[in-house]
Amino acid sequence: MRPEHLGSVLARPDTIVFVGSGVSIWSGMPSWGSLLEGLAEHLDRNGYSSELIRRELAGGDYLLAASYGFDGLTEMDRCVFLRSVLLDSEAVPSELHRAIAGLGSRCFVTTNYDRLLERGLSEYRPGEYYEVVTPLQQLEVASIVQARSERFVFKPHGDLGSCDSIVLTREDYREFHSQRRHVFEAMRTLLLSRPVVFIGFGLKDPAFLLIRDSIYSAFGGNPADHFAIMPDVLPAEADYWRRNYGIHLVSYATNENARGSEKHAELLELLHGYDTYASRVDRSSSDQSSLPSDGVDFDSSAHTLALARHARRLKSVIPVVEEPIPLEIKRTGHEVEKIPGPMPDGADAISNLATLREGILLEGSPGAGKSFVSKQVVRGLAEKLEDACLTSGVTDSGVRVPLFVELREYRGNLKELIESDLPSGIDLDFLLQTHSCLLFLDGFNEAPARAAADGTLVGQIRELLDGAEGSGVVISTRHSGELHGLNLPVYALDAIPMSYVLEALESAGHDPAGVGDQQVELLARPLFFRAWADRKIRLEKSQSVHDIYAQLIGEIETGISQRLGTRIDLGDLLGSVAFDVIDGGGLTASLGQIDAVLRRSTVDLPRSDVLNALLSDGVLIPAAGRRVAFFHHSITEYLAASHLAKLIQADSSIVHRCLRRPDWDQTLLLTLGFLPSVTSHAVFDEVLTADPAMALRALSYADQKDGAWLERALIYLRKREERPFEFELTSALDRLHPHEQHIPALLDLVENAEANGAHGAGPLWRISEASRPRLIDLLLDPERGYNFQTAMASSLRFFVSPKQVLRIIEVAAEIVVESADRDGLLAGVEVDRWIGTVSALSEICQDLPVGELVQIANHSDSVMVDSVICNCLRDIPHEQSFEYLAGRIADGLGYPIFDLHMLLEYEYSRDVRLPHFPELIPHLIDVLQSGGGDRWAGPCVSSLVSFSEEYRQDLVDCPIGDGLFAAYKAWILGDETAIFDHLAGLLSAGADWSSVPLFILRYADLDWSQRSATLLSLLRIRDEALAEALLTGLRDSGVTETSLTFHLEDLAWWIDWLRECATDESFLAYQLGQFLSNSMDADNRREAVGLFNAGGEFRAALDEYVLALMPELNLSHFTDEAVDWMVGNLSLHGYRFAVRTPLLASVADENLVQDRLIPALVDGPGELLRRNLLVVLREAGEKHGRRYVADDGSVLG
């Protein structure tokens, strides 16, 4: 039997040819039985009893016979015997070895201890090098399990060159599954992820039977493309092995009249036949990326099996977690309002990421669980993918292909890195075109620093995103600033829910109230929570973050020391390597670096023993190219900190150098715990003036009992110049743990440092009851403004108790609102004076139960309080919320309209049946047409109609005016062309747009993708009110980000209009610039750059409103003269930098920064130029992964 599929498998370079002892017998090597018979005779000759070994031989239990036979021999005796039997100098590769070498595979595994296979490959494949990998070579073992690794001979049972590597007895096999688990896992992964053909095994071969059991435990008996070529297999046997173990037995007949290898002549003939098949395959190239496109559709069996192997490999290398730690994600970053997010705030991380079909940035602090969550999502999807490949098929739209790569392995080509993790024959572009994929790019902050800084990697990520429509891409990093140019929503993964942590503490016998807040916060990070749960750290021994790291490292050191029989200090041993890894920006170390430090160490052991211990205990993990990485980036930083502390005490100027690169930040913080008190104070002061947010984080990293560091930080923040919202700083302020001595400084900060400083209110509330009345006054004071009030509320929210919230509401109820403002609030008009107070109170109250909120509203006659309650109810999908809001609208109030729309649109499930208020739709239609009413009445009607046939009928029966009102009603009821047709009529009639209710266009979610000509014609009218309405609607619907792309024949006309708008400083200029930058085609984008380079009247408008929003641009797109203009303009123009990143910051490279911008700052510029330079250098630094200027404006370099 010679199945065609076996032929195709043997032709693949990635197929594992698994060679058994039967192949070596062709060269005169002994069989299992002969070897053990020789062992019995060896025992007899040397005065040992062979009774047990002969008894087990007779019973066919070869493993037990080997155990009895070798039990009485020393390691040396065992090695001498094996070499005397198996190192036959006259044995040479046989014709069977030649036939195996003639197959298409480049991947070999053998359980044979001899070297005949290696010699055969060398002889019959001249010019091809094959790496021989034994169990003692842990790095090499790890490298061969990579998806596309080739040209290796893996000897999992050992090699005679190292007798201590040999697996032969039951005891050896037990060790194989324990102390040599890495070898077992490697073999298992290869079996999981590759086609396999067994040659030279028998059905009773002990090695084959053990492998069989591994296959069954891994596959559940269904590997689908595993074959075993064996002699004289009966049909019933073949059926049994196929059904129970998924191994297809290919039989050949033996010649009973022949002897030795001639008895198996048909095996040779069989393999020679496949050699003829394989000769059509070009073995000189390992690139199999063309396989799917060579007439193979994506649902072919070959492609399906390849995806199944991909899924199995992911399952093999990502361990299952029986009880995953719950983690939540939340929106964050400066793009929260500008970029819609695909996932709800506070959503479960694993379940929501698994459904993602677009790109996001996943941000998290060290140990927050970014890699953990990503891998668990990948494993879950891999399980579903494998099941689909073997059952329903991969065409099911619900089947997703997970991909996971670590960016620390990036070497200049992102596509190659991703494809290296895919089975041969699967091309990434093809995969993205034919399947919904979910790709995790893990650890952007761990990518080689140069690739991240020069924009190469970001550019390749952008290309990947462009080609991944319908697929999800998750880019994880510590800080998303370097990736803002990708315009992706940012989600934070910062902590395990505190309720889970507190419950776990109570279950472990700890009183949460007696555990320090800083320790609890650290336990909310998965890395440390798991270490605590595994009893690797003890809370009673932890006074700081540094202490917890020290305990974790100490546990690891104890394990390695016990294994090696000598004390190991990882900081002394590997601190310099960790330092070089971070300093080099690559996050992996070469084997040569490790060997060099082991040579210099005082550990009196063979270097290979120490390296293997570090690998076995998981301190080091193998990486590509004979490199290693530390098992977690945080551990790299801790060990590097131990070395950095020594360098600082020798030369403190190194702190300045480290501060230039944010990737040193965590290491610097950990260094504080290694330094003596005086030195650590000095380092803290340098950190404070460079980055106050980092300085505040530093407070928990060292045992700093006197509070002097926090006092200095608060005074510094009070005096510094106010900045736009700073997420890192405000987060650090919210997490402060002040003492009574800090109350005056904290209150001074909150009262005088505006929005960012308002985040000190929460910690102050917690420790100072006397300050609370003043804090309430500040919270409710409309003169403080929206930004201050909402910032303060977000800080207080987590510190005020429900009882204290009620007291704040009581104070708010006493606020006197002037009649004009009261009328505006009742009508639903945004009253500028009170918008901050209402929003802040809503933030404070949002955690109260819905029943209590409604009760408060029913017992209060304050319009302020009622507005606040309505704000809160819009976030609670409960019938009481709907009934209260709908009732208030029916009573004639305007302000609940927006809240009801938000409740229905974003909180309620569409299968919920709403209570019917017959008067609701007519009232909303009246408000819509009133001219001065709430503009959200229309969207609210649309939401109601989408929920209920009763509300739909109410709208059908409700009279409405003509014109755009009538078209809007028809559109809500399902006529998608009604509004477009009406606008086309107005356009052709030359309508007076001032009489058209244009606000409708702001809130109608219109899809202009097939009507771009009409849209452009409407905009060309150059009516400001019409343009603002159209562009606002486009922005809110997200069309400009997706499907609306066009070519403008008259781009200069549009830029001229933009220039005209910009002179009036109207918001339309920003809208128009965003519209153009998002929707222009490639030719227009090049034309816009050309207009800028040409100079003239359009340059300033293009600079500020269009080109700054084109992330593909870099310095090479601009002429030298244009760059000179950008630099010179910094001293002439006051950019509104809070709105967007300036063009110069987006395109400046390292040379421009160092050669022109930093010298300009050093030269003592005027105030305008200095302010602009600081903004540009900070923005460019965030993009480059550099800190060019300190917080106080001094140059770091």
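Structure values in brief
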quantity	calculated
Any helices (runs of 4 or more DSSP H) falling wholly within the stretch 624-734 and containing at least 2 residues that are farther than 30 Å from L614 by Cα, outside the structural domain of G586 (by TED's automatic domain parsing) and touching a Cys at 6+ places or on another chain (Cβ under 8 Å)	none
Which numbered condition R599 fails, given (1) touching a residue at least 12 places away in the same chain (Cβ under 8 Å); (2) part of a helix (DSSP H, G or I); (3) among the basic types (K, R)	(1)
Subset of the stretch 735-749 (residues that are under 33 Å from the mean Cα position of the chain (by Cα) and either among the small types (G, A, S) or in a helix (DSSP H, G or I) (or both))	none
Residue within the stretch 1092-1103 that is in contact (Cβ under 8 Å) with a residue 60 or more places away in the chain and outside any helix (DSSP H, G or I) present	no
Exclusive hit being under 37 Å from the mean Cα position of the chain (by Cα), farther than 24 Å from T1032 by Cβ and not in a helix (DSSP H, G or I), set L1113, L1144, L1132, L1152	L1113
Unique residue being touching a residue at least 24 places away in the same chain (Cβ under 8 Å), over 19 Å from S561 (Cβ atoms) and assigned to a loop (DSSP other than H, G, I, E, B) when the list is L605, L587	L587
Matching entry among P497, P489 (being in contact with a strand residue (DSSP E or B) (Cβ under 9 Å, 6 or more places away or on another chain) and surrounded by fewer than 18 Cβ atoms within 10 Å (Cβ to Cβ))	P497
Condition met for K338 (in the same structural domain as L428 (by TED's automatic domain parsing) and modelled with pLDDT of 85 or more)	no
Residue match in the stretch 193-204 (condition: on the phi > 0 side of the Ramachandran plot and either modelled with pLDDT under 80 or out of contact with any strand residue (DSSP E or B) (no Cβ under 6 Å at 6 or more places or on another chain) (or both))	no
Residue tally, condition surrounded by fewer than 23 Cβ atoms within 10 Å (Cβ to Cβ), touching a residue at least 40 places away in the same chain (Cβ under 8 Å) and over 18 Å from L736 (Cβ atoms), over the stretch 789-805	3
Residue satisfying condition, being among the small types (G, A, S) and buried (at least 20 other Cβ atoms within 10 Å of the Cβ), within set S50, S34	S50
Hits in the stretch 86-140 (condition: modelled with pLDDT under 90, among the charged types (D, E, K, R) and in contact with a strand residue (DSSP E or B) (Cβ under 7 Å, 6 or more places away or on another chain))	E140
All helices (runs of 4 or more DSSP H) inside the stretch 439-511 with 3 or more residues being among the aliphatic types (A, V, I, L, M) and over 22 Å from L1113 (Cα atoms)	498-507
Wholly within the stretch 806-885, helices (runs of 4 or more DSSP H) carrying at least 3 residues that are under 16 Å from M792 (Cβ atoms)	832-845
Where G20 falls short, out of the listed (1) small (G, A, S); (2) within 48 Å of the chain's Cα centre (by Cα); (3) not assigned by TED's automatic domain parsing to the domain that holds A265	(3)
Residue count, the stretch 764-802 (criterion: under 21 Å from D866 (Cβ atoms) and of a type in the set (D, E, K, R))	2
Hits in the stretch 863-912 (condition: surrounded by fewer than 17 Cβ atoms within 10 Å (Cβ to Cβ) and closer than 16 Å to E830 by Cα)	none
Among (1) in contact (Cβ under 8 Å) with a residue 24 or more places away in the chain; (2) closer than 22 Å to P997 by Cβ; (3) surrounded by fewer than 18 Cβ atoms within 10 Å (Cβ to Cβ) - the single one S930 does not satisfy	(1)
Residues within the stretch 1124-1148 that are more than 19 Å from A1069 (Cβ to Cβ) and at pLDDT below 90, tallied	1
Selection within the stretch 534-564 - in contact with a helix residue (DSSP H, G or I) (Cβ under 7 Å, 6 or more places away or on another chain) and farther than 23 Å from F674 by Cβ	R563, L564
Residue list for the stretch 855-891, filter: touching a residue at least 40 places away in the same chain (Cβ under 8 Å) and within 15 Å of I844 (Cα to Cα)	I856, M864, V865, S867, V868
In the stretch 87-113, the residues that are over 26 Å from V9 (Cβ atoms) and under 51 Å from the mean Cα position of the chain (by Cα)	Y113
Total residues in the stretch 45-76, condition assigned to a helix (DSSP H, G or I) and not acidic (D, E)	18
In the stretch 821-841, the residues that are over 19 Å from G785 (Cα atoms) and either within 46 Å of the chain's Cα centre (by Cα) or modelled with pLDDT of 85 or more (or both)	L826, A827, G828
Selection within the stretch 1059-1069 - surrounded by 18 or more Cβ atoms within 10 Å (Cβ to Cβ) and either free of Cβ contacts under 8 Å to residues at least 24 places away in the same chain or farther than 17 Å from L1026 by Cβ (or both)	A1062
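Condition check ((1) modelled with pLDDT under 90; (2) surrounded by fewer than 18 Cβ atoms within 10 Å (Cβ to Cβ)) across all residues:
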residue	(1), (2)
I360	no, no
E363	yes, no
G367	yes, no
V377	no, no
D387	yes, yes
G393	yes, yes
D396	yes, yes
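One line per residue, one yes/no per condition, for (1) touching a Lys or Arg at 6+ places or on another chain (Cβ under 7 Å); (2) in a helix (DSSP H, G or I):
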position	(1), (2)
Q953	no, yes
G961	no, no
K969	no, yes
D975	no, no
F980	yes, yes
L986	no, yes
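The values are calculated or read from the model by the stated rules, or taken from the named source; none is laboratory data. What you are looking at is a predicted structure, and each value in this text was computed from that prediction instead of being measured. Positions of Cβ are backbone-derived with ideal geometry, glycine not excepted, and every protein chain shown enters the neighbour counts.
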